[in-house]
Amino acid sequence: MEISFLVQGSSQEPYKVVFRRAEAGLSAFCNCPAGDNGQACKHRLSILNGDVKGIVSNNTQEVTTLLSWLVGTNVEMALRAVESAELQLEQAKIAVTKAKKSLGAAMRGKAE
Ligand SMILES: [Zn+2]
């Protein structure tokens, strides 16, 4: 089974994003430069996150079907790993800001 979407990216022509469901799980392709390069491009990522904003083909309702295909696949596990790493990154940024504030206070001879 296959579902494809046209997604408006940075180039004039929309990119074609294709999702295939097979016994082995889910595969996803996009013909943007990053996708051609084997990277996880934002076009597939946003659709897999349920975001329909970039879709210019008139089948946005098929995203619901796609999300049901995602459940329990390696793609879903990898997607959650990216989300978790991004969350850790955000938390690390907050920790760095706090630590620098304490450093600034310590440098002024104040305990915090
Ligand atoms: Zn792409």
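The values are calculated or read from the model by the stated rules, or taken from the named source; none is laboratory data. Note that the structure is a prediction, hence the values are computed from the model and not measured. Don't worry about glycine lacking a Cβ; one is built from the backbone with ideal geometry, like all the others, and counts go over all protein chains shown. The area values use the complete protein model at the heavy-atom level, side chains included, leaving out ligands, DNA and RNA. Shrake-Rupley method; radii C 1.70, N 1.55, O 1.52, S 1.80 Å.
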Relative to the present Cα-Cα distance, how much length would full extension add between LYS101 and GLN8 at 0.36 nm per residue of separation?
29.3 nm
Please calculate how many Å² of accessible area segment 5-71 carries per residue, with a 1.4 Å probe and no DNA, RNA or ligand atoms counted.
60 Å²
Everything considered on the Cα gyration tensor (a ≥ b ≥ c; rounded for a/c under 1.5, else prolate if a/b is larger than b/c, else oblate), segment 1-103 must be described as prolate
What do you get for the angle between helix 74-107 and the principal long axis of the chain? Use alpha-carbon atoms, 0 to 90 degrees, nearest ten.
20 degrees
Which length gain, in nm to one decimal place, applies between ASP36 and ASN58 when the Cα-Cα distance is subtracted from 0.36 nm times their residue separation?
5.5 nm
I need the calculated FRET efficiency for the pair SER84 and LYS16, taking r as the beta carbon distance and R₀ as 22 Å, to the nearest 0.05.
0.15
At R0 = 41 Å, how high is the FRET efficiency between LYS110 and LEU45 if r is their beta carbon distance? Nearest 0.05 is fine.
0.40
For a quick check: with amide H placed at 1.01 Å from N, whose amide H comes under 5 Å from LEU26's, ignoring anything fewer than 5 positions away on the same chain?
ASN74, VAL75
Along segment 55-72, Karplus-curve 3J(HN,Hα) (6.51, -1.76, 1.60; θ = phi - 60°) to the nearest Hz, with x for Gly and Pro, reads 6, 10, 7, 8, 10, 4, 5, 6, 4, 4, 4, 4, 5, 6, 5, 5, 4, x
For segment 41-82, with all protein chains present and a 1.4 Å probe, just round the carbon and sulfur fraction of the accessible area to a whole percent.
58 percent
Note on segment 47-99: alpha-carbon gyration tensor, axes a ≥ b ≥ c; rule is a/c under 1.5 for rounded, else prolate if a/b larger than b/c, else oblate; result oblate
